Amino acid sequence: MPELPEVETVRRRLAPHVEGRTIEAVEVRDPRLVGGDDPRRVERRLRGRRVRALDRRGKYLLFRFDGDETLISHLRMTGNWLMPAAGEPPHTRAALVLSDGTALWYADARRFGTWDLLADDAAEAYLAARLGPEPIGPGFDGTVLRDAFRGRRAPVKALLLDQRLVAGIGNIYADEALNAARIHPDTPAGRLRRPQLDRLADEVRSALEEGIRSQGSSIRDFRSPEGGYGSMQERFRVYGRDGEPCPACGTEIVKTRSAGRGTHICPACQPRPRRRGMRRAPGALSGA
Ligand SMILES: [Zn+2]
């Protein structure tokens with residue numbers, strides 16, 4: 001599933017081709033893409049619109065149009081925007097032609113991706129209801145995580161995956177960041193100490209930034225709009241590397257489950273948290 005680095009890769013590669021251009025023709029071939037909306041109505045609203053900017057929030061790609069409307073595109077499992085020179089990709093759900101003749105396809109094998117065309121203020125409300133702060137933006141640090149995790153007993157991995165707390169992290173980058181920060185994914189989030197929160201914020205940011213530099217990870221489906229593959233999968237510390245040595249200590253990486261998801265950890269770098277009572281004072285466990 002595309003996470004923040006993959007969506008940001010799409011945005012960066014696509015932006016020069018769409019910004020400042022007008023949608024000449026559009027065909028929504030899969031009604032499911034636009035939910036309850038009438039595909040013909042969505043086509044009429046998109047036709048003739050000029051793309052002012054291509055933005056991103058979390059895992060959402062945002063086409064900002066003149067006339068104060070935004071198309072919110074969520075790729076979900078397998079959605080992607082493509083303009084391969086080779087021609088139309090399989091599983092095309094929508095096709096566009098821009099004013100300079102550029103053809104653009106939205107392809108989606110599993111069909112979970114969505115388009116929502118909203119007035120700008122409604123788009124902001126839509127995003128604000130679903131997304132917490134951007135982890136690669138300015139100001140993302142241990143304080144943000146402390147506020148998000150305060151009093152929460154849920155496993156830290158589950159909260160990292162909650163888009164309302166931090167936007168854009170999915171299973172891959174959660175595993176990568178938790179390993180680099182040496183935190184077990186099942187640690188109750190509210191129990192993390194300040195140095196751990198600072199470390200986790202740093203490692204979340206650097207994992208995502210490395211993902212962007214690598215143009216995302218292409219494990220199964222992800223391709224850049226020109227059809228290229230990302231290389232982040234070659235740089236994974238733990239994700240998908242069960243049985244291989246931990247890059248920090250050489251211990252064998254194991255695959256386990258946390259937050260209902262397949263999870264990769266180094267058992268030495270990320271020891272399972274002790275049960276209640278280990279909070280602060282070493283004396284708290286006297287007699288144990
Ligand atoms: Zn290790």
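We did not get these values from a lab; they are worked out from the coordinates using the rules stated. These numbers were taken from a predicted model, which means no experiment stands behind them. Here the Cβ is made from the backbone with ideal geometry for all residues, glycine too, and neighbour counts use every protein chain on show.
Tabulated data for the structure shown
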read-out: Computed label-point distance, nm, for sites S206 and R272 using a 7 Å Cα→Cβ extension; value: 2.9 nm
read-out: Computed FRET value (nearest 0.05) for R194 with F112, which takes r as the C-beta separation and R₀ as 25 Å; value: 0.05
read-out: Candidates E234, E19, E252: whichever shows maximal mean-square fluctuation once the chain is modelled as a Gaussian network with Cα springs under 10 Å; value: E234
read-out: Length added when fully stretched, R257-D147, from 0.36 nm per residue minus Cα-Cα; value: 37.0 nm
read-out: Cα-projected label distance for R40 with D66, points at 7 Å along beta-carbon direction, nm; value: 2.7 nm
read-out: Projected label distance in nm at V97 and I219, using a 7 Å step from Cα toward the beta-carbon; value: 3.9 nm
read-out: Segment D55-E88, extension gain: residue separation times 0.36 nm, minus the distance between their alpha carbons; value: 9.4 nm
read-out: Most mobile listed residue (A103, A15, A248) in the chain, GNM with C-alpha springs under 10 Å; value: A248
read-out: Positive minus negative residues near A95 (Lys, Arg vs Asp, Glu; Cβ under 10 Å); value: 0
read-out: Helical contribution to [θ] at 222 nm, DSSP H n ≥ 4, -39,500 (n - 2.57), averaged over the chain, rounded to 500; value: -8000 deg cm²/dmol
read-out: Rg followed by Dmax, in Å, when the chain is reduced to its Cα trace; value: 21.0, 76
read-out: Environment charge of V156, counting only residues whose C-beta is closer than 11 Å and scoring Lys/Arg +1, Asp/Glu -1; value: +2
read-out: Selected from R275, R110, R146 as most flexible by GNM, with the chain as the system and alpha-carbon contacts under 10 Å; value: R275
read-out: Cα centroid separation - region 142-204 against region 20-89, whole Å; value: 33 Å
